[in-house]
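Here's the structure we're looking at; comments come further down.
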Amino acid sequence: MAEFPFEISPMFEGERVRKEGMFVELGGPKSLGLELVRAMAMDEIEDDKVTVIGPNLKDMEEGKTYPWAMVFNIGGELIEADLESVIERRIHDFINYCQGIMHLNQRYDVWMRISKDTAAKMDSFDSFGKAVMMLFKTELPFIEKMQVTFYTDQAEVEKKMVEAKEIFKIRDARTKNLHDEDVDVFYGCTLCQAFAPTNVCVVSPDRVSLCGAINWFDGRAAAKVDPEGPQFAIEKGELLDSNTGEYSGVNDIAVKLSSGEFSKIKLHSFFDSPHTSCGCFEVVGFYIPEVDGIGWVSREYQGMAPNGLGFSTMAGQTGGGKQIVGFLGIGVAYFYSPKFIQADGGWNRVVWIPSMLKEKIADTIPADIMDKIATENDATDIESLKAFLQSKNHPVVARWAAAEEEEEEEEEEEEEEAEEVAVAAAPMMMPAAGFQMPAMASMPMMPAGGKAGGVKITFKKAKITIEKMTIREKKE
């Protein structure tokens, strides 16, 4: 497109701007990054206007990171407040259509980079802003007027961040009294498939999108105004398991959108056919087998979790549209769901959360578990976490005792089984070819003649196949 200094095409979706090729970084883990869409009256919008408050691109120093906020005002006859978050989520698409400009995440976690090549072709964010607005109005013609303000001044970005978080909080509260069983239709979203081809994002009243930007009402509004768009209706179908949140309609869409890689998605399960994880998720959950509990770490947290891994490392092995047992990406609002990982113990299974995240969601954590969930101030490794949980008598501690009792019972059963299969001194029948000994068996081997002693061989968790066995008495 000749009017812009850089190429614009969907082919640039998924393009990464690496650090060595970066001119500047905007927002991201080292700074503040925000995007917000607001529905306005038509007479309050100056169409196609771009405003920059703070240093413009030409004033920025190569290699540096700057705070960043984008506020788009939209107007049109069909524009309503329910569409704000849906249009917000499309920012990710349209910015990534611009060659040499990378956009990741959403809401208050925005992370952008502009390549050296693209920066060399423009000295202002003006052309970038106009390009994004052009794409919006082309793809979503119900947007009749649009303007954008870019903020790069630290104080202004901080101010906008406070305002935006309050708006996001109000949006998220809309589904508080609406639950999965109250509706016949869920909604799907494929916005992240450019980065995660097999991701299947299912939005239900009790489960917000992984990015946290789209709830059930947003999905409904988007599917209504843009039937061919990335948000679409999913017929629930038959309820197969109320505890795990398994529906036949969701399973059908899982097969379709993942090209057959997944056959099931259980909306409220952590371990059994969990929801796929894209990469734009706000929080990643991780299983800690040493304590049989689940920890959660948010994108903002820069430290290490007790398992010795940080958010970026765990996100890297969890994302990409995979279904990983033991890891799970979610949106922050899912913590507020009454069905939050209910198939695996809900809050009683949560053992560790960074203090900044714990403080953010404190109003949804049950009072009886609040002080029993560790943060980085209480536990930094497995041993200190285990000690903390024991000192607080966390519900998972009871699971440890139950597991120990079960292990003791198994050992007793193994010993009884060993006695039952003891080999007598009498000649043994030859096993048929292909005979398979039972796993977990213990077999004492005694010498012919019935003499005491001998060697006892115990097989635990073993599966042995014998094609031929010959036992002879040793002749003097």
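Just so you know, all these numbers are worked out from the coordinates, no wet-lab data involved. Just so it is clear, the structure is predicted and the values come from calculations on it, not from any experiment.
The mean of 1/r over all pairs of different alpha-carbon atoms in the range 1-95, once inverted, gives a Kirkwood hydrodynamic radius of 15.8 Å. When the C-alpha to C-alpha distance is required to be over 28 Å, the pairs from 121/322; 322/386; 137/224; 322/372 that qualify are 121/322; 322/386; 322/372. In whole angstrom, the range 151-203 maps to an equivalent ellipsoid with semi-axes of 30, 21, 5, each derived as √(5λ) from the alpha carbon gyration tensor and ordered largest first. The Cα atoms of the range 10-176 cover 43, 30, 27 Å along the three principal axes, with the biggest extent listed first. Database remark: amide H of residue 52 closer than 5 angstrom to the amide H of 150 (H placed geometrically; neighbours at sequence offset of 5 or more, or on other chains; Pro and chain starts carry no H). With θ taken as phi - 60° and the Karplus curve 6.51 cos²θ - 1.76 cosθ + 1.60 applied, the whole-hertz 3J(HN,Hα) list for the range 318-327 is 9, x, x, x, 8, 10, 10, 6, x, 9 Hz, x standing for glycine and proline. Couplings 3J(HN,Hα) for the range 120-132, derived from phi with the Karplus relation 6.51 cos²θ - 1.76 cosθ + 1.60 (θ = phi - 60°), are 5, 9, 8, 10, 9, 7, 4, 5, 5, x, 5, 5, 5 Hz, where x marks Gly and Pro. Take the Cα radius of gyration of the range 180-396 and divide it by 2.2 N^0.38 Å, N being the number of residues; the result is 1.00.
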